[in-house]
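Heads up: the structure comes next, in structure tokens.
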Amino acid sequence: MRKLLGGAAAATLLPATLAFADQPTPWQTRFQAPATGIMEQVEWFEVYTLWFIVPITLLVLALLAWCIFKFRASANPNPSRTSHNTLIEVIWTVGPVVILLALAIPSFQLLTAQYTPPEEPALTLKASANQWNWDYEYQLEEPLTFNSAMLQEGERAAAGKEDKARYPRLLAVNNEVVVPVGVTVRVLVTANDVLHAFAMPAFGVKTDAVPGRINEIWFKAQKEGLYYGQCSELCGKDHAFMPIAIRVVAQAQYDTWLAAARTDLGGANRALMAEVDTDRKVADAGN
Ligand SMILES: [Cu+2]
């Protein structure tokens, strides 16, 4: 049911071209298309909550308008002295309790799910925030570490990232995080200097990056693509310029990239880009 609602909402609200890359679009008012089951649930819960918020707001507005009109001084010069009404007092006590329960139960279920990976994560990444870039560490037998910073306009040509639709200004980075599709990934988030936050809207994850402390989140990306997020805690003058980019690829592509990245990260990234961006052009042409 939740998946159905989430999927239907995503299909109607987002153009098909976003199937590959998830990033904010101009004048966007809704969420980015969900790429994880958690984000589908977040989207479902948001719509579910609106079914309470909108009618309550309209009811209160209508009651206010009715009272203002009907009981105005000119129409109602002698106000009633009524001060109690048992029935209405029971209704306005029990009603909100029922509404709060209906909101709290799915809310706590979702919160629990967000902190409970469905299985032991196959891959653990450490993301350490700096003013104003990210250090990533793949916690493998032989760890892989690299820094990821916002792509400068002057670096586009050398990096082969001239396509601004795929590598948007202020969101594209020099070195993307690469993870395999359909795999549960644990992310340990911390910071080296001040408070930052790791946020990836399409995955439904966001957590503070706190110096001296590790916060754990997880995601399981269900579709391949290039996903963008940003630091979401005001961390200084370049807070707006420390994006997060995660490339979700097939397991085989990930394995190839990982093997190559150990010796030549730039080369591994370019090879992977050439492969997935070509696939994408072919798919676009076919549409
Ligand atoms: Cu930051």
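Worth a mention:
- Residues of the range 145-178 that are crowded, with 16+ Cβ neighbours inside 10 Å, among the hydrophobic types (A, V, I, L, M, F, W, C) and not in a loop (DSSP other than H, G, I, E, B): Phe146, Met150, Ala159, Val173, Val177, Val178.
- From Ala102, Ala65, residue being surrounded by 10 or more Cβ atoms within 10 Å (Cβ to Cβ), more than 30 Å from Ala250 (Cβ to Cβ) and without any contact (Cβ under 8 Å) to a residue 12 or more places away in the chain: Ala65
- Of the residues making up the range 132-141, one or more are part of a strand (DSSP E or B), within 16 Å of the ligand (Cβ to nearest atom) and open to solvent by less than 30 Å² (accessible area, probe 1.4 Å).
- Test: residue in the range 249-256 that is over 25 Å from Trp44 (Cα atoms), in a helix (DSSP H, G or I) and open to solvent by less than 50 Å² (accessible area, probe 1.4 Å): yes
- Meets criteria (more than 16 Å from the ligand (Cβ to nearest atom), on the phi < 0 side of the Ramachandran plot and free of Cβ contacts under 8 Å to residues at least 40 places away in the same chain) for Leu151: yes
- Qualifying residues in the range 231-248 (those that are crowded, with 21+ Cβ neighbours inside 10 Å and within 30 Å of Asp277 (Cα to Cα)) - the one farthest from the ligand (Cβ to nearest atom): Val248
- Elements of the type strands (runs of 3 or more DSSP E) sitting completely within the range 195-245 and holding at least 2 residues that are more than 21 Å from Thr124 (Cβ to Cβ): these cover 225-231.
- Condition check for Glu275: within 16 Å of the ligand (Cβ to nearest atom), not in a strand (DSSP E or B) and not aromatic (Phe, Trp, Tyr): no
- Of all residues in the range 179-198, those that are open to solvent by less than 10 Å² (accessible area, probe 1.4 Å), within 17 Å of the chain's Cα centre (by Cα) and more than 16 Å from the ligand (Cβ to nearest atom) total 3.
The values are calculated or read from the model by the stated rules, or taken from the named source; none is laboratory data. From a predicted model like this one, the values you see are computed outputs, not experimental measurements. Cβ: placed from backbone, ideal geometry, glycine included. Neighbour counts: every protein chain shown. Surface areas here come from the heavy atoms of the whole protein model, side chains and all, with no ligands, DNA or RNA. Shrake-Rupley method; radii C 1.70, N 1.55, O 1.52, S 1.80 Å.
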